[in-house]
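What follows is a short report on a single structure.
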Amino acid sequence: MRAGVYRGPGEVAVAERALPDPGPGEVRLRITACGLCGTDLHLVHSPKPIIEPGSIMGHEMAGVVDELGAGVSGFEAGEPVVVEPLASCGDCDPCREGRDSICRSLELYGLRRPGGFADAVVVPAHRLYRVPGSLSPSLAALAEPFAVAVHGLRLSGVPGSAGIASAAGAAPVGAPAFRPASGAGAREGPPCARRLLVLGAGAIGLAVVAVAREWGLGHIAITARYPHQARLARQLGADEVIDAAEGGDLDGYDADLVVETVGGLSDTMTAAGIALAPGGTICVLGVFMGLLTLDPLVLLGKEARLQWSNCYSRRPGEADFGEAVRILASCGDVLTGLLTHEVPLEEIERAFEIAGDKRSGAVKVTVIP
């Protein structure tokens, strides 16, 4: 099969790989679409390799069932699914609570394990979520960034629709193909935000806006650097768009919840503290690639909460991927504007070039085998 692999700092290319066979409990998928994430850009352009050269990248995967491994039932060939791209031990306390993303043994498909920039991928059956056939593959692949947004907002105390967990083989559309472990208690969290500010209008930031609007959150604002980002933010339900290119004065903004989505080497955490209301929460969704700058006196004076959010969870009744799929199925027509570019797998270098140049109008670049 063909695969998009990391060659070293700044270099990706298409290579041939053996078509993988599913083992016990696994499913082979034929990839139909795989989104290119900002994290992929950070990984490729990091001056020091973070992943092994030769790794197959891509973790925003949509596909169709191709072959079942031993012991797997309840799926049919050609059935459309998306992948929760986590590999965890399944036996530690976080895993038993459905918090796989903080398992000490965590690995991600597309980073430490072969990912979706390929013709096919093999993943455990319990990582699959069914999607409606009416969703285009590119739209279905948005389930991963939307699950990131769902998880971060839930951790920050924003109430949302609970996902539905069902047994393998009987999961309705939008529900996971497993039943998470039971017994986890209710969580305590920060007060619900009345006023939300999202820093950064890339795919994750815009997904936060869409999820927050779907859940009926109050005032939603976002910083945007480019006109096409600002236009999409308003289409997705933002009440206010702040021009980041002009430096947007956030002093005294008083947001109950600030969601940081930029990461990289940006200085957005300082801005987050400035914009935060007393007693508010900063949720960090951006993947930072270096040390952060924080103003501790500002955060101290406001008794700020700093909430880190890693990927997604599958708590009983709250599977973040299930809720993401539900939102995509419910709001798909509105969300298609996020899909700005589709690039063939054979041109994966061009896909990275487009995604890395926001002046191109790119929001979500999707690689199509």
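Data table
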{"quantity": "At 1.306 mPa s and 10 °C, Stokes D of the range 62-150 from Kirkwood alpha-carbon radius, µm² per second", "calculated": "113 µm²/s"}
{"quantity": "Stretch gain in nm, segment E342-E240, where the contour uses 0.36 nm per residue and the Cα spacing is subtracted", "calculated": "33.8 nm"}
{"quantity": "Angle in degrees between helix 320-335 and the longest Cα principal axis of the chain, rounded to the nearest 10", "calculated": "80 degrees"}
{"quantity": "The chain - percent of accessible surface contributed by carbon and sulfur, probe 1.4 Å", "calculated": "50 percent"}
{"quantity": "Gain in span if fully extended, D249 to V287, counting 0.36 nm per residue against the direct Cα distance", "calculated": "11.3 nm"}
{"quantity": "Relative contact order computed over the range 227-369 (Cα-Cα under 8 Å; 6+ residues apart), in percent", "calculated": "17 percent"}
{"quantity": "Dipole-positive endmost among P94, G218, A244 within the chain (Cβ charges, Cα centre)", "calculated": "P94"}
{"quantity": "Relative contact order (%) - criterion: Cα under 8 Å, at least six apart; region: the chain", "calculated": "19 percent"}
{"quantity": "Dipole magnitude of the chain, debye to nearest 20 (Cβ charges: Lys/Arg +1, Asp/Glu -1, about Cα centre)", "calculated": "420 debye"}
{"quantity": "C-alpha long axis of helix 143-155 to longest principal axis of the chain, angle in °", "calculated": "40 degrees"}
{"quantity": "Modelled FRET efficiency - R0 41 Å, L297 with R112, Cβ distances, 0.05 increments", "calculated": "0.60"}
{"quantity": "Difference of contour (0.36 nm per residue) and Cα-Cα distance, S46 to S360", "calculated": "110.9 nm"}
{"quantity": "Residues with amide H under 5 Å from that of R7, placed H, sequence gap 5 or more", "calculated": "V12, A13, G54"}
{"quantity": "Between helix 203-214 and the chain: long-axis angle, C-alpha atoms, 0 to 90°, nearest 10", "calculated": "80 degrees"}
{"quantity": "Value of [θ]222 nm, deg cm²/dmol, for the chain, DSSP H segments ≥ 4, -39500 (n - 2.57) each, nearest 500", "calculated": "-6500 deg cm²/dmol"}
{"quantity": "Considering only the chain, percent of DSSP beta bridges that pair antiparallel, nearest 5", "calculated": "55 percent"}
{"quantity": "Of V12, G54, P80, farthest towards positive along the dipole that unit charges on Lys, Arg, Asp, Glu beta carbons give the chain", "calculated": "P80"}
{"quantity": "Centre separation in Å (Cα based) which lies between the range 13-37 and the range 243-318", "calculated": "35 Å"}
{"quantity": "Residue of I31, I220, I51 that the Gaussian network model of the chain assigns the largest fluctuation, springs spanning Cα pairs under 10 Å", "calculated": "I51"}
{"quantity": "Sequence of C34, C331 from largest to smallest accessible area, 1.4 Å probe", "calculated": "C331, C34"}
{"quantity": "Of [x] 18; [y] 31; [z] 22, the label for percent of Cα pairs over 34 Å apart derived from the coordinates", "calculated": "[z]"}
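The values are calculated or read from the model by the stated rules, or taken from the named source; none is laboratory data. This is a predicted model, so every value here is computed, not measured. No Cβ is skipped: glycine too gets one built from the backbone with ideal geometry, and neighbour counts run over all protein chains shown. Heads up: the accessible areas ignore ligands, DNA and RNA and are worked out on the full protein's heavy atoms, side chains in. Shrake-Rupley method; radii C 1.70, N 1.55, O 1.52, S 1.80 Å.
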